[in-house]
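Heads up, the thing below is written out as structure tokens.
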Amino acid sequence: MKESLKNLVLILIAAAIAIFIYVQFFDEDKEALRKAREEIKETLAKSDSLAKENEKIYARIDSLMAERLSLIQKIDSLRVESRRKTTELKNALRGIYEYHGTLDSLSRELNELAKSPPINEPE
């Protein structure tokens, strides 16, 4: 996109220069010279306008890239948190599997655990 916009601007400038050269050396009509100057001014104005739009587009691209990086970091953070919680769950299930008490005492301990705040949870 950047290259095509750059090429378009160069073509517009080249066209304006070609018109100017033609008018200077091959056409003696002053009205044509005035028109060519106006076209050159318009072309340069369009070129400036395109350059400003280009800057806005690249600023938006930079913004989107920063947002993408932020989302990637959040995904990585959630992935680490998910692995940690999975490990905790596996350990808890392993503990239940290896539990040697009665079902009533297991139920009582699980209820107490559910009521208490998590130990390793960040707030």
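Details
- Here the calculated FRET efficiency for LEU5 and GLN73, from their Cβ-Cβ distance with R0 = 35 Å, stands at 0.65, rounded to the nearest 0.05.
- The residue among SER77, VAL9, ASN91 whose Cα reaches farthest toward the positive pole of the charge dipole of the chain, with charges on the beta-carbon of Lys, Arg, Asp and Glu, is ASN91.
- Beyond 25 Å in Cα-Cα separation lie the following of the pairs LYS35/LYS56; LYS2/LYS46; LYS52/LYS74: LYS35/LYS56; LYS52/LYS74.
- Among 81-92, 37-48, the order from most to least packed when residues are scored by Cβ within 10 Å on average: 37-48, 81-92
- Extension gain, ARG94-GLU109: 0.36 nm per intervening residue step, less the Cα-Cα distance, totals 3.9 nm.
- Per residue, the chain reaches -31500 deg cm²/dmol at 222 nm when only DSSP H runs of four or more residues are counted, each adding -39500 (n - 2.57).
- What the Cβ-Cβ distance of LEU12 and ALA66 gives, at R0 = 22 Å and to the nearest 0.05, is a FRET efficiency of 0.10.
- Lys, Arg +1 and Asp, Glu -1 on Cβ, resulting dipole of the chain about Cα centre, debye, nearest 20: 200 debye
- The chain: angle of helix 30-97 to the longest principal axis, Cα-based, in degrees nearest 10: 10 degrees
- Option label - log10 I(q)/I(0) by the Debye sum over Cα atoms at q = 0.11, 0.14, 0.18 Å⁻¹ computed here, alternatives [x] -0.67, -0.82, -1.02; [y] -0.47, -0.66, -0.90; [z] -0.28, -0.47, -0.83: [x]
- Short-range pairs are left out: with C-alpha atoms under 8 Å and at least six residues apart, the relative contact order of the chain is 20 percent.
- Applying both filters, DSSP loop and at most 16 other Cβ atoms within 10 Å, to the chymotrypsin sites (Phe, Trp or Tyr not before Pro) of region 51-123 gives TYR99.
Bear in mind that the values in this text are calculations on the coordinates, not laboratory data. No experiment lies behind these values; they were computed from the predicted model shown. Using ideal geometry, Cβ is built from the backbone for each residue, glycine included, and neighbour counts are taken over all protein chains shown.
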